[in-house]
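Okay, structure first, notes after.
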Amino acid sequence: MPKRNNRDSRKNILFILNFCFNLFLLVNSRKQIITILFLLGYILVWCEEIDITILSDYFNMKVEYDVSRSIIEYSNDSLHLKILYGSAYVEINNNLVFLDDIIKLSNGKVRINETGFNKILKKISNKNIQYSYFDAQITADEVEQTKEENNQQFIYTKKPEKISINAIVIDAGHGGSDPGTYRGQVVEKQITLKTALKLEKVLKEKFPEKKIIMTRRTDVFVPLENRSKIANDTMKKYGHTIFLSIHVNASISTKPYGFETWYIVDDYKRNIIEKGYASNDKDIENILNSMANDELYIDSKKLATEIQNNLNIQIGNVSKDRGVKENTYIVVKNSIMPAVLVEIGFLSNNYEAKRLTNESYSNKIIAGIFKGMCDFINEYESIIGF
């Protein structure tokens, strides 16, 4: 059976012996000493943190690490356990179970207290098994749990394992009384709307099962806050959603040209988890909200990168790849789903302004954005996450 680190055990024993010696010097009452020793022993047992990796040995499971997402996965023929360190829950065979403590990463090992560890053990086996602090190993009784007892340990059942993007929100920048930038008769609001409508068409053809939502379909003014609200309401109604806002760039100088894609900055935090939705514990709620923000940052950056890379394939031979960048644009920072803002060119540059009004060039831009979104969706829907 897997054993606890002997060095840690020796430290605990030496600490207790030293404590006992000092008690005998300071305390005369025998009953007081016994009571204090009992409480000390209880505290040590309760505080002991167990290396979760011993599960792989006991249950003969394969271990996979995803450092970028702070996830460790254990699996065998009948069991799939997913652990996210820094959180207070685990996923067991597609069911989410909340623990009594935060899973920690310490000295390269993933640890949790004995109570939380035993809660995991009770769920992943139909036998009465538990980790014994004093035996320093997992022990099992032959008495099996009933199916009802086993099921009662779930807080709630998670959604089906397959994740699907159910809706795409396309935002044509500016509109109505807000023309955006312009050069002569070429106006940003017209280019963005034309691009958005064409993109909507190809997305509907590719994904007939997904909802394609437009923030505007005509030359009307839509406040910035309303655009992100449309996206957020769409997500609440249909589930997993991605948001794309299309714009045209400008500069005081006529020299800059090229295309770039923006996403939210890393340290900007939004309230994504609604109060009381996942837990009544404020600390757990804050942790889950922080995790959701981190996930949105990663997904938004990935979406921006896919779009930028595919735009470069389509128009990089005549325009400049200005890369993916971070900013707190309102339509991006107020959205609670993967969201990006793409600048498809500079109207302030004479050559680029002419290209942006060219039908063939416009189609290449749409092809680049479309392929980038498709690549992101395919990867997103293939990942099983919390």
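Which of the peptides 170-176, 180-186 is most tightly packed, and how do the rest follow, going by the mean number of other Cβ atoms within 10 Å of each residue?
Most protected by this proxy first, the peptides run 170-176, 180-186.
Scan around LEU96 for amide H atoms under 5 Å from its own, H built in the peptide plane at 1.01 Å from N, and keep only partners 5 or more places away or cross-chain.
So LEU96 has HN proximity to TYR156, LYS158.
Mind scanning LYS320/LYS364; LYS302/LYS325; LYS82/LYS210 and naming the pairs with a C-alpha gap bigger than 21 Å?
LYS82/LYS210
Order 334-341, 223-230 from most to least packed using the mean count of other Cβ atoms within 10 Å.
Those peptides, ordered most packed to least, come out 334-341, 223-230.
How long is the gain from ASN93 to ILE252 if the chain were fully straight, where each residue apart is worth 0.36 nm and the alpha carbon distance is subtracted?
51.6 nm
For the pair LYS62 and GLU381, how long in nm is the line joining their label points, each one 7 Å along Cα→Cβ?
According to this spin-label approximation, the distance is 2.5 nm.
Laboratory data are not the source of any read-out in this text; all were calculated from the coordinates shown. For clarity, every value in this text was computed on a predicted model and none was experimentally measured. Positions of Cβ are backbone-derived with ideal geometry, glycine not excepted, and every protein chain shown enters the neighbour counts.
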